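S.K.: First the structure, which I've put down as structure tokens, then a few questions once you've had a look.
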Amino acid sequence: MNKPVILVVGARPNFMKIAPIHAELSRRGINQILLHTGQHYDENMSKVFFDDLEMPKPDIYLGIGSGSHVVQTAKVMMEFENVCIENQPSMVVVVGDVNSTVACSLVCAKQLIPCAHVEAGLRSFDREMPEEINRLVTDAIADFLLTPSQDGDQNLLNEGVDPSRIIRVGNVMIDSLFNSLEKSKSSMIHSDLDIEKETYALLTIHRPSNVDDRDAFGKIIDALEEISSRIRLVFPIHPRTKARAIEFDFFERLNSIPNLILTEPLGYLDFVALIAASKIVLTDSGGLQEETTALGIPCVTLRENTERPITVTEGTNTIVGNSTEAILQSVHGILENGGKAGRVPELWDGNTAGRIADIIESVIEED
Ligand code: UD1
């Protein structure tokens with residue numbers, strides 16, 4: 001048996017990026033190990049995604065769990081080093097920008113294991129975001145930088161990266177989205193939540209800059225109270241957001257907004273069903289900015305910047321920050337005029353996993 005390729009997942013936004021790559025490597029009969037660091041561990045932040053994305057149970061589970069960023073990153077590194085010593089991978093694939101991504105890429109750099117970073121080159125230019133540090137470090141040390149769009153290539157070139165390390169493959173998360181659209185039609189989420197399709201706005205927030213600061217979080221809730229007088233809001237609440245809402249005494253306030261439906265985090269198929277039938281998405285997530293662009297749904301991003309500018313220049317995304325007035329102005333505009341039209345960026349075509357698998361095959365054949 002050839003040496004294995006290790007595919008790393010850790011947190012919720014990783015699962016939909018690895019699933020299509022794992023399926024494609026399986027189809028090609030490539031020896032692979034699916035490794036879950038356990039950064040996210042709740043049933044509804046992790047396991048349900050394996051079921052919905054038809055991914056097998058991870059071959060290796062590190063069980064890292066929550067902790068400070070340093071503790072989480074260091075624990076993943078220590079455990080992943082042992083895995084690499086034991087399994088001698090021919091290559092490691094990391095995705096996205098979470099702590100597990102940077103931790104495993106660091107181990108590869110120290111052990112001289114070829115590492116591919118999927119979703120390379122994205123930059124918010126905001127070093128207060130933990131993800132920005134993860135992106136910068138991972139891209140500095142990974143061998144193959146697989147970018148989703150031209151802006152990613154350009155950011156890397158501007159940082160002096162050798163062009164031979166940069167390969168534009170497209171957006172692999174869109175593979176999962178397109179693969180799941182049909183299946184998501186059998187989701188019962190609309191009847192479970194007792195909402196009509198095309199009549200609501202979908203909301204997600206979890207970034208520290210929005211929910212760890214009482215003032216910022218409060219201003220967002222002010223906006224939600226007013227928006228809810230015009231359109232129903234559906235809010236699957238991230239564990240971090242729920243914990244802060246309770247800590248800041250906001251939870252009851254959120255719960256008592258009459259036109260706002262608060263739910264636990266949802267599985268992938270239910271969530272795709274909700275996005276696809278929403279009138280507007282309000283979010284601070286990176287992935288949702290891309291999914292709404294791919295589906296042509298207006299997206300209002302509650303951040304000061306985005307590492308995914310193509311969703312603004314080509315897609316349906318508008319960056320508004322987190323002031324009450326800016327959020328309201330944008331949402332009212334969309335309700336009145338329908339929002340930006342946008343188009344789907346090049347190579348966001350549902351075939352990115354195939355292009356990634358071609359690269360993986362060429363690397364391991366040389367080994
Ligand atoms: C992480 C990623 C972020 C991504 C987000 C998606 C980093 C730096 N951040 O942020 O980029 O957008 O995931 O969700 O890697 N918790 C649970 N159950 C879980 C996981 C977390 O209750 O299964 C709670 C814990 O209290 C934990 C908190 O959520 O302390 C935050 O989790 P953590 O993994 O540290 O970061 P996220 O905010 O989820």
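The values are calculated or read from the model by the stated rules, or taken from the named source; none is laboratory data. Keep in mind the model is a prediction, meaning the values are calculated, not measured. Don't worry about glycine lacking a Cβ; one is built from the backbone with ideal geometry, like all the others, and counts go over all protein chains shown. Accessible surface areas use protein heavy atoms only, side chains included; no ligands, DNA or RNA. Shrake-Rupley method; radii C 1.70, N 1.55, O 1.52, S 1.80 Å.
S.K.: Check GLU128, GLU79, GLU86 and return the single one that is without any contact (Cβ under 8 Å) to a residue 12 or more places away in the chain and open to solvent by 10 Å² or more (accessible area, probe 1.4 Å).
M.R.: Just a single option satisfies the conditions, and that option is GLU86.
Okay, residues lined up against (1) in contact (Cβ under 8 Å) with a residue 40 or more places away in the chain; (2) in contact with a helix residue (DSSP H, G or I) (Cβ under 9 Å, 6 or more places away or on another chain):
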position	(1), (2)
THR313	no, yes
GLN329	no, no
LYS340	yes, yes
ASP358	no, no
VAL363	yes, no
GLU366	no, no
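S.K.: Within the set of pairs 6 or more residues apart or between chains, which connect a residue that is under 14 Å from LYS242 (Cβ atoms) inside the stretch 194-208 to a residue that is within 16 Å of the ligand (Cβ to nearest atom) and open to solvent by 10 Å² or more (accessible area, probe 1.4 Å) with Cβ atoms less than 6 Å apart?
M.R.: THR204/SER285; HIS206/HIS238; HIS206/ARG240
S.K.: Restricting to the stretch 299-319, and then to whatever is over 17 Å from PRO208 (Cα atoms) and of a type in the set (Ser, Thr, Tyr), can you tell me which residue is most open to solvent (accessible area, probe 1.4 Å)?
M.R.: THR313
S.K.: Among the residues that make up the stretch 100-116, is at least one of them open to solvent by less than 10 Å² (accessible area, probe 1.4 Å), outside any helix (DSSP H, G or I) and at negative phi?
M.R.: yes
S.K.: Right, here's the next one. Only one of ARG244, ARG253, ARG303 is among the charged types (D, E, K, R) and in a loop (DSSP other than H, G, I, E, B). Can you tell me which?
M.R.: After applying the criteria, what remains is ARG303.
S.K.: Among ASP52, ASP59, which is the only one that is touching a Ser or Thr at 6+ places or on another chain (Cβ under 9 Å), of a type outside the set (Lys, Arg), farther than 18 Å from ASP97 by Cα and away from the ligand (no atom under 11 Å from the Cβ)?
M.R.: After applying the criteria, what remains is ASP52.
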